[in-house]
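Below you'll find the structure, written out as structure tokens, and then a few comments.
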Amino acid sequence: MTILLTDLLNDLHEDHRNMSIMLDLLDRQVEHIRDGERPDYELIHDIMRYLTTYSDAVHHPKEDVLYASMRKERPEAAKGLDQVGPEHLEIAELGETLRNDVEAVASGAPVTRERLVEDASDYIRTLRRHMAWEEDDLFRRAKELVNSEREMFVDISNFDTLDPVFGLERQHSYENLLQNIKNLSSS
Ligand SMILES: [Fe+2]
Ligand SMILES: [Fe+2]
């Protein structure tokens, strides 16, 4: 599937808004753990399932398409783009670690609160910092490219996957997560 670069950029912005909601929900659960309360492990697991399957496997490859266009069209404005790949990798690894922690808890394995808090905090901090860099710097440069060029199309056929939580076809397995998102926006 081919789409306009400007539409891809809008989709990526939207993904960031949704990922921020996930991190806000995750943050609240980390607070519960810190306070010695029992968190909603099912919710944490759903958040991590979404972030490791949709964000890592669809959002980041779509960004790679955007950044490849920037490199090709504006090599002089491609400063820092080499750093994106290692950061995506780091985010995926930290996410996997946290997801494994939560799955270990579910299977009855001992995972300390300190470890959960530390792994979740590392993940939240790293992903927030990465998204802020993209929003404040990389996406601004992309916007300049979009505004100054003729209509540019990009091929996203390989990553044309619907968002299972915020997209048109929501997956039923995310029911609990969707309810928490609703509660968050009404609180
Ligand atoms: Fe990224
Ligand atoms: Fe991103």
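Among the criteria (1) more than 19 Å from the chain's Cα centre (by Cα); (2) open to solvent by 50 Å² or more (accessible area, probe 1.4 Å); (3) touching a residue at least 60 places away in the same chain (Cβ under 8 Å), the one residue 146 does not fulfil is (2). Within the stretch 12-56, the residues that satisfy the criterion of being in contact (Cβ under 8 Å) with a residue 40 or more places away in the chain, over 18 Å from residue 127 (Cα atoms) and open to solvent by 60 Å² or more (accessible area, probe 1.4 Å) are 34, 42.
Here is a yes/no grid of residues against (1) charged (D, E, K, R); (2) within 20 Å of the chain's Cα centre (by Cα):
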position: 72; (1), (2): yes, no
position: 75; (1), (2): no, no
position: 81; (1), (2): no, yes
position: 84; (1), (2): no, yes
position: 91; (1), (2): no, yes
position: 97; (1), (2): no, yes
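Taken as a whole, the stretch 154-161 holds at least one residue that is among the acidic types (Asp, Glu), over 15 Å from residue 13 (Cβ atoms), open to solvent by 40 Å² or more (accessible area, probe 1.4 Å) and at pLDDT below 95. Residue check: residue 87 meets all listed conditions (1) more than 11 Å from ligand 2 (Cβ to nearest atom); (2) in a helix (DSSP H, G or I) but one, namely (1). Within the stretch 74-84, the set of residues being in a helix (DSSP H, G or I) and either away from ligand 1 (no atom under 14 Å from the Cβ) or open to solvent by less than 60 Å² (accessible area, probe 1.4 Å) (or both) comprises 75, 76, 77, 81, 84.
The values are calculated or read from the model by the stated rules, or taken from the named source; none is laboratory data. In this text, all values refer to a predicted model and were calculated from it rather than measured experimentally. So basically every Cβ, Gly included, is an ideal-geometry build from the backbone, and we count neighbours across all protein chains shown. Just the protein is used for accessible areas: all its heavy atoms, side chains included, with ligands, DNA and RNA removed. Shrake-Rupley method; radii C 1.70, N 1.55, O 1.52, S 1.80 Å.
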